[in-house]
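Notes follow once the structure below has been shown.
Taken together, the values in this text are just the output of simple stated rules run on the coordinates, not laboratory data. Note that this is a predicted model, so its numbers are computed, not measured. Cβ: placed from backbone, ideal geometry, glycine included. Neighbour counts: every protein chain shown.
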Amino acid sequence: MRALLRVVACAAVAVAPSACVLHTHGANAPGHVDLSQRPMAKTPAEDPGERGLHVHVAPLLGAVGSETKSASGISMGFEAGIEPFSLPESHKDALFEGLAHVRFRPVVGWMAYRETRSGETFGPLYAELQWLQPIGPLLFGYVQVGAGATVNPVVGGGGPETTLCAGFHPLLGAVCGRAAYFADGQGGELTLLVSFPPFYFEHLWRK
């Protein structure tokens with residue numbers, strides 16, 4: 001019971017600052033204007049659009065089932081990734097529009113805490129390349145598939161892993177299933193994960 005209360009308390013702390021977005025941007029796009037000719041009438045400047053970069057950090061909570069029964073339990077951690085994008089117009093729903101243009105993103109993560117029958121321990125580290133596919137407009141409904149490698153920091157063994165997620169929007173988190181295999185003798189394990197709403201850092205600059 002005490003371990004469960006710790007997990008719930010940690011999850012509450014993780015979710016509290018989530019779903020935040022921090023924006024920064026470079027100089028405003030100047031537009032393309034030919035100064036050698038004096039226009040007879042006012043004409044709107046051409047909008048060159050913007051490029052941007054998202055950096056996200058998402059807290060994770062999962063239940064682990066392992067071939068090594070003593071490794072099964074509850075796990076908590078976090079994931080961070082980067083998403084570059086390009087927009088045809090400046091300062092127009094950059095976060096929503098930017099995420100709608102992201103298809104691939106590299107991520108790294110660490111399931112830093114695991115509560116098992118044998119006690120408390122560290123969980124695995126991992127790196128994946130994830131593919132996002134929208135189901136509806138502006139990603140209101142999407143699936144995410146990731147593939148990569150994982151390593152156990154406690155015993156040093158590692159191997160391949162793959163993750164499948166589904167959600168309403170990347171800003172709202174997702175429900176995920178993860179399969180991994182550890183060549184150190186621990187064998188395979190399956191994890192059911194909840195990805196909570198992430199914190200996003202967004203930087204924009206003109207094209």
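Side notes on the structure shown:
- Proxy reagent accessibility, fewest Cβ within 10 Å first, across 76, 111: 76, 111
- Near residue 165: Cβ cut-off under 12 Å, other residues only, Lys/Arg at +1 and Asp/Glu at -1. The net charge is -1.
- The orientation-averaged projected area of the convex hull spanned by the Cα atoms of segment 138-207 comes to 6.7 nm².
- Karplus-derived 3J(HN,Hα) values for segment 103-115, using 6.51 cos²θ - 1.76 cosθ + 1.60 with θ = phi - 60°, are 10, 10, 8, x, 9, 10, x, 8, 7, 5, 10, 9, 9 Hz; glycine and proline are entered as x.
- Placed amide H near residue 158: partners under 5 Å, 5+ positions off or other chain: 152, 183, 184
- Entry note, segment 83-160: relative contact order of 23 percent, from Cα contacts under 8 Å with a spacing of 6+ residues.
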